[in-house]
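Scroll down for the structure; my scribbles are underneath it.
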Amino acid sequence: MKTLKFCASLLSILSAATVAGSAQVAGEHYNMADQHRVKAVQDTETPAQRDARMAWWREARFGMFIHWGLYSIPAGTWNGKQVPGIGEWIMNRGTIPVADYKALASKFNPTGFNAHDIVALAKAAGMKYIVITSKHHDGFAMFESKADPFNIVDATPFHRDPIKELAEECRKQGVKLGFYYSQDQDWTAPGGAAYKTGNHDRPNHHWDTAQDGNFAEYLHKKAIPQMKELLSNYGEFPVVIWFDTPTDDMTPELAGEIVELLNQHPNLIWNNRLGGSYKGDTETPEQYIPAQGYPGRDWEACMTMNDTWGFKSYDMNFKSTETLIRNLVDIASKGGNYLLNIGPDSKGVVPAAEVERLHAVGKWLDVNGEAIYGTKPTLFGAEAGSFSKTEKDKEGKPKFIPAWNWRSTTGPDKVYIELFSWPKGSFHLDNVSREVTGAYLLADQNHTALKVTKSGNGIDVALPAKALDSIATVLVLSTK
Ligand code: GLC
C-alpha cells in the first residue's frame, strides 16, 4: 500500500509540474517547443547562468507594483458616470475618444509626487523591488520620450520625469527598479492593439478611427524606440521589464525584434507576457495564488490591495493586513514572489489605506523576514489545502480548497512554520524529512528553546499558551 501511495503522490507532483509548465496566462499560451528565430536568454543560458541571473529576484520575494498614469485623473468616473472595471482601463471600458482622453495630459500636474517617500514606503513595507507602469495600455508615457510627445515631460504642466526621480531614489535607498511596459495594447497610437470590451466589435476592437493603423509600424515607430529609451536612459535600471496583454498581432518575428533588444541587457528579467511564443522568466498569476505554485518555474503573483490597479476614487474595498501577510507567506511557501500594487492618485499621492497596510506588513517582516526572504518552498505541501472530490473549478478540474492553519518555508538549516491558527498545547508535524535538533519562536527575542518530542513518524513541539502574532507566528525548527 505504502509503495502505491508513494507512486500516487509522485504522479500528482509530476502532473502539477506539467500543467504548470504549459500554464495559460493572460490571453497568451506559449509552446516551449517553439524554436525562436531570435534566441532569447532563456533559450541559451545554462541552469547555473539562469540561477545567477535570477538570484536577487528569488531572494527578494516581495515587490511593489505601481499603477500610475493619466487614468488617475478620471479615477473611475467619466462624464459624471462611474465606469466599471479596473481604473486604468477607463479609456477602453468607457469608449473614450482618443482626443478626449489625450486632453487629460494638459491637466496632469501631480505636484504631490515624491519619489523619496514612495521608495521609502516600499522599504518600510519590506519590498525589495519596484515595478512601475512606464506606459500602460492608454499609450501615455510616464517618462521623457523622444519617440512620442504624448509623455509626462512634454505633454503636461508637470514637466518632470517621475521614472528618472524614482531611479535616483532607488539607487540612493538600495531598492531595485523595474518597468511595466504595455508593448502590444496602445489605445492612443495608430496601430496599437486593443483587447475587446463592450461593443468594440470591429476586427481590431478599436472604438476610434484615430486608433487604426499598422501594428508593426506602431512597434517600429513607438514601442521599440521607447523600450530602447527605457533600457538606456536610467543607468543600471530597469532590472525587470514587465510586459502585458500580448495579442496575436505580436508574431514570433515581431517579438523577436524586441528580444534582440532585450538580449543587449543580459541580466534583465522579463515575464511571460511578451507574446510571440516567448515564455520569459516568470509566470504571472494575476489576482490569485496558484494552488501549488509552478514547480520548477519562477513565478510572481501580482495583486491589488483593493479591486483596481489604477486609482479609482470610490474603490474602498481594501484587503486586510492579515490577508496581505498571509498571501505573502502562502506565496513564499510555494516558491513565488508577491508583487503588491499601489495606485497613486492624480496628485501622485498614495492612498492612506495602502500606506497604512504597507507599514503593517513591513512591521511583521521586520520581525519575521528571515522566514520569507531567500527561502525555498515548503517540504510538505498538504498544509496548503486539498483538491475537492466533488467540486470543479472554472476549467472543469477538481477545485482546490485552500486551508489556512499554517504554511512552511525552508532555509538551509531551518524549517519555518508560519502558524495562522494557534494550536492548543503543541504543534504536530508529520513526514519531517530532516532531523530536527531544536525549536523556538522567531518573534521571541530570547529564542527560548521549545520541547520537541518524537511522535509517530513526526514530531510534537510544545507551544506557549498564546501566539506572539495573531496573524502569523513563526515557529523555527533547527534542522540537520
Ligand atoms: C491586466 C490589466 C492591466 C494590469 C495588469 C496587471 O493585464 O490589463 O491593466 O496592468 O493586469 O497585472
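Since every read-out is calculated from the coordinates, none of them should be taken as a lab result. Bear in mind the structure is a predicted one, so any value in this text is a computation, not a measurement. Note that each Cβ is placed from the backbone with ideal geometry, even for glycine, and that neighbours are counted across all protein chains shown.
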Original post:
What nm value, rounded to one decimal, do you get for the distance between T44 and W56 when each label is placed 7 Å out toward the C-beta?
Top reply: 2.2
**OP:** Would you mind classifying the range 382-479 by shape? Square roots of the alpha carbon gyration tensor eigenvalues, ordered a ≥ b ≥ c; an a/c under 1.5 is rounded, otherwise it is prolate if a/b is larger than b/c and oblate if not.
**Re:** prolate
Subject >> Backbone HN-Hα couplings from phi across the range 140-152 [Karplus 6.51/-1.76/1.60, Hz, Gly and Pro as x] >> reply: 7, 8, 8, 8, 5, 9, 7, 6, 7, x, 7, 9, 5
Original post:
Remind me, relative contact order of the range 382-479 in percent, using alpha carbon pairs under 8 angstrom and six or more residues apart?
Top reply: 28
Original post:
Exactly which trypsin sites (Lys or Arg not before Pro) in the range 399-431 are in a DSSP loop and have at most 15 other Cβ atoms within 10 Å?
Top reply: K424
**OP:** Quick one, could you list the DSSP H helices from the chain stretching 20 Å or more along their long axis (Cα atoms) with average Kyte-Doolittle hydropathy of -1.0 or above?
**Re:** 2-21, 352-368
Original post:
Picking from T375, A105, L70, whose Cα lies most toward the positive end of the charge dipole for the chain (charges on Cβ: Lys, Arg +1; Asp, Glu -1)?
Top reply: T375
Original post:
Going down the table (K39/K222; K228/K363; K102/K128; K394/K480), which pairs top 31 Å between alpha carbons?
Top reply: K228/K363; K102/K128; K394/K480
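Please check the chain for the longest run free of GluC sites (Glu not before Pro) that are loop-located per DSSP (anything but H, G, I, E, B) and have at most 12 other Cβ atoms within 10 Å.
1-235
Given the rule -39500 (n - 2.57) for each run of at least 4 DSSP H residues, summed and divided by the residues of the chain, what is its mean residue ellipticity at 222 nm, to the nearest 500 deg cm²/dmol? Can you show the working numbers first?
On the way: 12 runs with 124 residues, N = 480.
Helix contribution divided over all residues of the chain: -7500 deg cm²/dmol.
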Original post:
Given H placed 1.01 Å from N in the peptide plane, which residues other than close sequence neighbours of I66 have an amide H under 5 Å from its amide H?
Top reply: V131, I132, T133, I342
Original post:
By the gyration tensor of its Cα atoms, with a ≥ b ≥ c the square roots of the eigenvalues, what is the shape of the chain: rounded for a/c under 1.5, prolate for a/b over b/c, or oblate?
Top reply: prolate
Subject >> Long-range amide H partners of E283 with built H, under 5 Å >> reply: D298, W299, E300
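How would the range 316-437 be classified by its alpha-carbon gyration tensor: rounded, prolate or oblate, with rounded meaning a/c under 1.5 and the a/b versus b/c comparison settling the rest? Don't jump to the answer; show the numbers that get you there.
Values: a/c = 2.19, a/b = 1.35, b/c = 1.62.
Oblate, because a/c is 1.5 or more while a/b does not exceed b/c.
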